[in-house]
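**Student:** Sharing a structure here in structure tokens format.
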Amino acid sequence: MLIKSILKITLVFTLCVIMMGAYTRLSDAGLGCPDWPGCYGLLKVPTAEHELNQVKQAFPEHMVETEKAWLEMIHRYIAGTLGLLVLLILVLSLKTRDAPKKLPLFIAALIIFQAALGMWTVTMKLMPIIVMAHLLGGFALFSLLLLLYLRNKPLRIPGGDLPARKLAGFAAICIGVLLLQIILGGWTSSNYAALACTSLPFCEGNWVDNLNFAKAFSPFQGDHASFEFGVLDYPARMTIHVAHRVGAIITSIMLLYLAFKLIRTAKSSTIRNAAWLLATLVVVQVILGISNVVLHLPLSIAVSHNAGAALLLLTLVFINYALWRKA
């Protein structure tokens, strides 16, 4: 079935967009192009002399940083291709008699909203609430595309695996906890709080007395010319970082417990394999998170940490689908 093949490609593209978005953000290239959807009024990064002269006239307050601008434009090119793939999936779904219709329509609407968030990320100068929403939109798109793929390829588990299905309620709680942790991670990244604590297991010094949850988690942080590199003071950033660490501990314990219970009780090799994958991804995520602190946020590890979160979510979506589907 053509639509299933295109969905596989689209899932790969979505992961690439998530990773490229993280790479762009962590490289401080989110404002590499000050306008949208082009770059300094062009469809590519201006490099020729006459193009640079046009930039000086149209954007006199900006200086072209070619490397950062190309990172931002490559991200936009990949995202644009993803949008076309989603449109193709929608058209094929509407034309295919037995294919789901409502979910492709919702996914198409989501990617349009994602494009708007991408524009606002630039025009609102990396406002954290917009950056985090854009990140979460990518994760939601990734999950819904997998769900659409599973809807187009019915999952068959002999006997329904009743022992494993008893864990469906806990699996649903786990996916909610993981989503909260992903939100905390997005808030940590968008507020440049990843290096607010450089010791383990918690912050250095008398960190407890400096906690400021009201300021740390206020969605709006006032008017600023730009939110690049963050506008919060150290106590607020440290509070965000600590919350993300505590959330990581809680999330890891719950997901590992779910994986352990599924490995012990599931009769289906499909569910057991998914549980083993879940446990492996949790361990890898913990190692990557610790490495980010110890090694002071290396770009490759930080991007891998974002990809790991996306794959964890995808694995939990699959497990929940398998446990909650009609037998």
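**Student:** Evaluate the stretch 164-181: report whether one residue or more is part of a loop (DSSP other than H, G, I, E, B) and either more than 24 Å from residue 22 (Cα to Cα) or of a type in the set (Gly, Ala, Ser) (or both).
**Tutor:** Residues of the stretch 164-181 part of a loop (DSSP other than H, G, I, E, B): 166-167.
Of the ones still in play, those that are also either more than 24 Å from residue 22 (Cα to Cα) or of a type in the set (Gly, Ala, Ser) (or both) are 166-167.
Within the stretch 164-181, one or more residues are part of a loop (DSSP other than H, G, I, E, B) and either more than 24 Å from residue 22 (Cα to Cα) or of a type in the set (Gly, Ala, Ser) (or both).
**Student:** Output the qualifying pairs, or none if there are none: Cβ atoms under 9 angstrom, residues six or more apart or on different chains, first residue in the stretch 135-151 and in contact (Cβ under 8 Å) with a residue 40 or more places away in the chain, second residue of a type in the set (Lys, Arg).
**Tutor:** Within 9 Å, the pairs are 135/25; 149/4; 149/8; 150/325.
**Student:** Another question, if that's okay. Could you figure out which of (1) surrounded by 13 or more Cβ atoms within 10 Å (Cβ to Cβ); (2) more than 22 Å from the chain's Cα centre (by Cα); (3) assigned to a helix (DSSP H, G or I) isn't true of residue 202?
**Tutor:** Status for residue 202: all satisfied but (3).
**Student:** Consider residue 108 carefully, then state whether it is surrounded by 15 or more Cβ atoms within 10 Å (Cβ to Cβ) and at pLDDT below 95. If you could, list the steps in order and put the result at the bottom.
**Tutor:** Details: surrounded by 15 or more Cβ atoms within 10 Å (Cβ to Cβ): yes; at pLDDT below 95: no.
Criteria not met by residue 108.
**Student:** Could you please find all residues in the stretch 267-285 being assigned to a helix (DSSP H, G or I) and open to solvent by 60 Å² or more (accessible area, probe 1.4 Å)? Don't jump to the end; show me each part of the working.
**Tutor:** Here is the first cut: in the stretch 267-285, the ones assigned to a helix (DSSP H, G or I) are 269-285.
Answer for the stretch 267-285, where residues must be assigned to a helix (DSSP H, G or I) and open to solvent by 60 Å² or more (accessible area, probe 1.4 Å): 269, 272, 273, 276, 277, 280, 283, 284.
**Student:** Let me ask you something else. Just need a number here: residues in the stretch 136-147 that are within 20 Å of residue 24 (Cα to Cα) and either open to solvent by less than 30 Å² (accessible area, probe 1.4 Å) or outside any helix (DSSP H, G or I) (or both).
**Tutor:** From the stretch 136-147, those within 20 Å of residue 24 (Cα to Cα) are 136-142; that's our starting set.
Within this subset, residues satisfying the condition of being either open to solvent by less than 30 Å² (accessible area, probe 1.4 Å) or outside any helix (DSSP H, G or I) (or both) are 137-139, 141-142.
Of the residues in the stretch 136-147, 5 are within 20 Å of residue 24 (Cα to Cα) and either open to solvent by less than 30 Å² (accessible area, probe 1.4 Å) or outside any helix (DSSP H, G or I) (or both).
**Student:** Restricting to the stretch 225-263, what's the tally of residues that are over 20 Å from the mean Cα position of the chain (by Cα), farther than 30 Å from residue 122 by Cα and loosely packed, with under 15 Cβ neighbours inside 10 Å?
**Tutor:** 3
**Student:** Then there's this: Does residue 61 fit the bill of being modelled with pLDDT under 90 and acidic (Asp, Glu)? Give the steps one after another, and end with the answer.
**Tutor:** Working: modelled with pLDDT under 90: yes; acidic (Asp, Glu): yes.
Yes.
**Student:** If you take the residues in the stretch 8-24 that are open to solvent by 50 Å² or more (accessible area, probe 1.4 Å) and not aromatic (Phe, Trp, Tyr), which one is nearest to the chain's Cα centre (by Cα)?
**Tutor:** Step one: list which residues in the stretch 8-24 are open to solvent by 50 Å² or more (accessible area, probe 1.4 Å), which gives 8-9, 12-13, 16, 19, 23.
Then keep just the ones that are not aromatic (Phe, Trp, Tyr); that gives 8-9, 12, 16, 19.
On the way: 8: 18, 9: 18, 12: 14, 16: 11, 19: 8 Å.
That would be 19.
**Student:** While we're looking at this one, here's another question. Please find, within the stretch 25-65, the residue that is farthest from the chain's Cα centre (by Cα) out of those that are open to solvent by 50 Å² or more (accessible area, probe 1.4 Å) and of a type in the set (Gly, Ala, Ser).
**Tutor:** Here the residue is 58.
**Student:** Hey, can you tell me all the residues within the stretch 121-176 that are within 14 Å of the chain's Cα centre (by Cα) and of a type in the set (Ser, Thr, Tyr)?
**Tutor:** Once the filter is applied, which keeps residues that are within 14 Å of the chain's Cα centre (by Cα) and of a type in the set (Ser, Thr, Tyr), the stretch 121-176 yields only 143.
**Student:** Another question about this same structure. For residue 222, which of the numbered conditions (1) open to solvent by 30 Å² or more (accessible area, probe 1.4 Å); (2) part of a helix (DSSP H, G or I); (3) modelled with pLDDT under 95 fails to hold?
**Tutor:** (2)
The values are calculated or read from the model by the stated rules, or taken from the named source; none is laboratory data. As the structure is a prediction and not an experimental result, all values here were calculated from the model. Cβ sites come from the backbone with ideal geometry, for glycine too, and all protein chains shown count toward neighbours. Heads up: the accessible areas ignore ligands, DNA and RNA and are worked out on the full protein's heavy atoms, side chains in. Shrake-Rupley method; radii C 1.70, N 1.55, O 1.52, S 1.80 Å.
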